[in-house]
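These notes concern the structure reproduced below.
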């Protein structure tokens, strides 16, 4: 019995060894086939491009790439918020406006001829902002951003449409009064007056901004 078991174990061992040898042989054949294919591909590539002359790069200048300056987004937002908060809705503007139908305004040191020219359309209106339908805080934020962009673009004269207040409670021009208050508090506003009938009349104001 013991002798038969040993013979069986020996046969099983031979099978294992044979299988291992066959696997190694297959792996070796696969490796050689891959090497031959690699050599063949390289030869084909070299044959297709022909003779190649290396480029002389002794005088080559390496390009210098400068990273763009980061945009100070947070600082810009902080400045815009500060400008918004600095425009008070409670500011008394009546004493600063001329007592005429157009409720004109000119900053200290600005002669009356500037307002007269503004009324006559001496400066071309370069852009306009329509605040119809916006709430107080939205309108104030839009006004601040609009004037900031106009200043950057070098625009001297703009029109701001605030409406006549016909849809407000008691038909009072609430937004019109607020726009006047905000404009008077802006250092970049030189003068403003009611727009001509063709440009909106009592529902709009024409604003002259500081030059660059």
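Restricting the search to strands (runs of 3 or more DSSP E) fully inside the range 130-212 and requiring at least 3 residues that are more than 29 Å from the chain's Cα centre (by Cα) gives 189-194. No other residue among 114, 184 is in contact (Cβ under 8 Å) with a residue 12 or more places away in the chain and touching a helix residue (DSSP H, G or I) at 6+ places or on another chain (Cβ under 9 Å) apart from 184.
With respect to residue 125, is the statement that it is over 15 Å from residue 104 (Cα atoms) and touching a residue at least 60 places away in the same chain (Cβ under 8 Å) true? Criteria met by residue 125.
Coordinate-derived values only; no laboratory data. The shown structure was predicted, so the numbers you read here are calculated from the model rather than taken from an experiment. When we count neighbours, we look across all protein chains shown, and the Cβ atoms used for this are built from the backbone with ideal geometry, even at glycine.
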